[in-house]
Amino acid sequence: MPTLGRQNTVIQRLFHIKMALIVHKYGGTSMGSPERIQSVAKRVAKWARAGHQMVVVPSAMSGETNRLLGLAKVLAPSKTTDAYHRELDALAATGEQASSALLAIALQAEGMASVSYAGWQVPIKTNSAFTKARIESIDDKKVRADLAAGKVVIVTGFQGVDPEGNITTLGRGGSDTSAVAVAAAMKAAECLIYTDVDGVYTTDPRVVPEARRLHTVSFEEMLEMASMGSKVLQIRSVEFAGKYKVPLRVLSSFTPWDINIDEEAKSGTLITFEEDEQMEQAIVSGIAFNRDEAKISILGVPDTPGIAYQILGAVADANIEVDIIIQNVSKDGKTDFSFTVHRNDYAKTIDLLKASVLPKLGAQEVVGDTKICKVSIVGIGMRSHVGVASKMFRALSEDGINIQMISTSEIKTSVVIDEKYMELAVRALHKAFDLDQSAA
Ligand code: ADP
Ligand code: ASP
Ligand code: MG
């Protein structure tokens with residue numbers, strides 16, 4: 001096994017010596033049926049009976065959040081649902097609330113004292129950005145009192161309460177963030193994210209069956225992988241873990257619940273905070289991809305100072321996040337300016353540009369493409385190696401894949417390509433960087 005960072009080694013030691021406060025998070029598939037919930041309850045009870053203080057953060061049963069939001073779409077099919085954000089949160093939060101109560105019932109039926117709290121009951125305080133609220137504080141008093149009384153405490157994932165008392169949700173995949181934030185607030189010894197894969201892989205194992213599980217992944221790499229689209233952890237959960245140094249592990253809830261607890265505590269993928277000589281030393285640790293973005297280009301923009309600000313300032317004022325940006329060299333005093341936004345914001349951005357930016361700029365046209373995807377290679381080894389990006393471009397060109405946009409940072413290179421080549425590109429890059437299982 002690779003050597004762990006110093007901090008984690010200390011925690012691991014403590015962990016085995018005495019009882020610790022542990023946070024478990026169970027995702028949708030892990031909570032997907034009464035049988036699965038029962039298995040979660042048995043697993044949690046096993047940890048509690050081993051002497052640990054247990055806080056558990058469950059997600060809604062798989063498919064439930066989509067089902068609920070789908071019902072809202074039937075009633076309000078308009079392309080912008082901004083007007084309904086408050087109610088969408090009140091609606092979506094019920095999925096997690098049901099699974100929390102069900103888990104508490106299952107634990108009690110197991111003979112384990114347990115209590116569940118909705119976000120507002122803890123309370124988990126957030127800002128008022130409905131559907132993507134940020135956690136501002138967590139009051140740990142009630143939870144600590146229940147733990148001291150020997151109860152397993154279930155804190156409902158994905159939700160909180162804003163200063164006006166409205167129910168808020170944290171964005172899709174937000175239960176990960178609830179769990180890490182609770183772990184940070186409680187100064188938990190470790191936060192274990194139980195899911196339907198047995199750890200973090202070199203890329204999504206559903207797309208590349210040859211993907212390999214990583215025993216450890218550095219916090220920085222996990223942050224890039226999550227922000228580039230690996231949905232195994234919500235990006236904000238990784239940000240929280242980094243900020244508050246929460247020891248984080250991703251592991252499977254599909255092992256038998258009565259697996260040896262020490263073996264279980266070492267399984268999966270540990271997110272580490274130190275670069276260690278002996279850690280897996282690949283130049284590229286993983287390939288991330290996402291289909292969530294759309295590209296927008298403004299053609300014939302006069303190439304004068306302040307243009308980027310005029311375009312992107314208006315977009316930012318409308319609360320729309322921009323990802324990759326490129327500006328072409330100018331020709332006859334005119335240039336083209338392109339950027340990507342989330343697909344959900346595509347129509348809104350185009351409308352905004354047409355209505356208020358184009359006329360001011362005297363630009364010729366705004367065009368867009370929603371059939372794109374972003375594929376990224378991520379690895380801290382890229383810092384000290386040259387030629388990594390060119391190897392990426394070569395691999396893509398060998399498969400005839402045209403690159404539309406490029407963006408780089410110290411530890412990642414991303415390209416925007418036609419959506420139809422996404423899987424081909426991910427497989428080609430996985431192979432080119434020797435990540436396939438057979439290469440291990
Ligand atoms: P949960 O419901 O437990 O939160 P998610 O569906 O949100 O589960 O996340 C787990 C899924 O993430 C896996 O089933 C897998 O398909 C996907 N995934 C994407 N990238 C990766 C990766 N690099 N490693 C592991 N899983 C990944
Ligand atoms: N149930 C929410 C979702 O589907 C939150 C989560 O699962 O983490 O996005
Ligand atoms: Mg998830």
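Which residues, taken from the stretch 278-321, are part of a loop (DSSP other than H, G, I, E, B), at pLDDT 90 or above and charged (D, E, K, R)? Passing the criteria: ARG291, ASP292, GLU321. Checking the structure you have, find out if any residue of the stretch 210-221 is closer than 20 Å to CYS373 by Cβ, buried (at least 20 other Cβ atoms within 10 Å of the Cβ) and touching a His at 6+ places or on another chain (Cβ under 8 Å). Yes, some residue in the stretch 210-221 is closer than 20 Å to CYS373 by Cβ, buried (at least 20 other Cβ atoms within 10 Å of the Cβ) and touching a His at 6+ places or on another chain (Cβ under 8 Å).
For PRO247, the conditions (1) over 16 Å from the mean Cα position of the chain (by Cα); (2) on the phi > 0 side of the Ramachandran plot are fulfilled apart from (2).
Picking from residues in the stretch 241-277 that are at pLDDT 95 or above and polar (S, T, N, Q), the one that is most open to solvent (accessible area, probe 1.4 Å) is ASN260. Residues in the stretch 349-387 that are in contact with a strand residue (DSSP E or B) (Cβ under 9 Å, 6 or more places away or on another chain), touching a residue at least 60 places away in the same chain (Cβ under 8 Å) and assigned to a loop (DSSP other than H, G, I, E, B): 5 in all. Would you mention how many residues in the stretch 177-209 are open to solvent by 10 Å² or more (accessible area, probe 1.4 Å), within 13 Å of ligand 2 (Cβ to nearest atom) and not β-branched (Val, Ile, Thr)? Of the residues in that region, 1 qualify. Evaluated against (1) modelled with pLDDT under 95; (2) over 25 Å from THR272 (Cα atoms), ASP140 falls short on exactly one condition, (1). Against the definition (in a helix (DSSP H, G or I), small (Gly, Ala, Ser) and closer than 14 Å to ILE298 by Cα), how does SER397 come out, yes or no? No, not satisfied. Exactly one residue out of GLY199, GLY157 is over 24 Å from SER128 (Cα atoms) and at pLDDT 95 or above, and it is GLY199. Residue pairs whose Cβ atoms lie under 6 Å apart, separated by 6 or more positions or on different chains, with the first residue in the stretch 92-107 and over 17 Å from ILE167 (Cα atoms) and the second open to solvent by less than 20 Å² (accessible area, probe 1.4 Å) and in a helix (DSSP H, G or I), are LEU102/ILE37; LEU103/ILE37; ALA106/ILE37; ALA106/ALA41; LEU107/ALA41.
Number of residues in the stretch 404-437 that are open to solvent by 50 Å² or more (accessible area, probe 1.4 Å) and either outside any helix (DSSP H, G or I) or within 20 Å of GLY381 (Cβ to Cβ) (or both): the value is 7. Scanning the stretch 164-204 for residues that are away from ligand 1 (no atom under 14 Å from the Cβ) and of a type in the set (Val, Ile, Thr) yields a total of 4. Go through the residues of the stretch 144-151 one by one and say whether even a single one is modelled with pLDDT of 95 or more, more than 19 Å from SER62 (Cβ to Cβ) and open to solvent by less than 40 Å² (accessible area, probe 1.4 Å). Among the residues of the stretch 144-151, at least one is modelled with pLDDT of 95 or more, more than 19 Å from SER62 (Cβ to Cβ) and open to solvent by less than 40 Å² (accessible area, probe 1.4 Å), which makes the answer yes.
Given the criterion out of contact with any Leu (no Cβ under 8 Å at 6 or more places or on another chain) and of a type in the set (Val, Ile, Thr), identify the matching residue among ILE311, ILE307, ILE325, ILE372. Matching residue, one of ILE311, ILE307, ILE325, ILE372: ILE372. Report yes if LYS73 is modelled with pLDDT under 95 and in a helix (DSSP H, G or I), otherwise no. Taking the combined requirement at face value, the residue satisfies it. Looking only at residues of the stretch 51-70 that are part of a loop (DSSP other than H, G, I, E, B) and more than 16 Å from ligand 3 (Cβ to nearest atom), we find that the one that is surrounded by the fewest Cβ atoms within 10 Å (Cβ to Cβ) is GLY51.
Yes or no, residue by residue, for (1) touching a residue at least 24 places away in the same chain (Cβ under 8 Å); (2) within 24 Å of the chain's Cα centre (by Cα):
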{"position": "ALA389", "(1), (2)": "yes, no"}
{"position": "SER397", "(1), (2)": "no, no"}
{"position": "ASN402", "(1), (2)": "no, no"}
{"position": "VAL416", "(1), (2)": "yes, yes"}
{"position": "GLU419", "(1), (2)": "yes, yes"}
{"position": "MET422", "(1), (2)": "yes, yes"}
{"position": "VAL426", "(1), (2)": "yes, yes"}
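Going through (1) more than 30 Å from TYR201 (Cα to Cα); (2) open to solvent by less than 70 Å² (accessible area, probe 1.4 Å); (3) touching a Gly at 6+ places or on another chain (Cβ under 6 Å) one by one, GLN364 falls short only on (2).
A Cβ distance below 6 Å, combined with a sequence gap of six or more or placement on separate chains, defines the contacts here; from the stretch 225-247, residues that are in contact (Cβ under 8 Å) with a residue 12 or more places away in the chain reach residues that are among the charged types (D, E, K, R) and more than 15 Å from ligand 2 (Cβ to nearest atom) in the pairs PRO247/GLU190.
The values are calculated or read from the model by the stated rules, or taken from the named source; none is laboratory data. These numbers were taken from a predicted model, which means no experiment stands behind them. Every residue, glycine as well, gets a Cβ built from its backbone with ideal geometry; the counts of neighbours run over all protein chains shown. The area values use the complete protein model at the heavy-atom level, side chains included, leaving out ligands, DNA and RNA. Shrake-Rupley method; radii C 1.70, N 1.55, O 1.52, S 1.80 Å.
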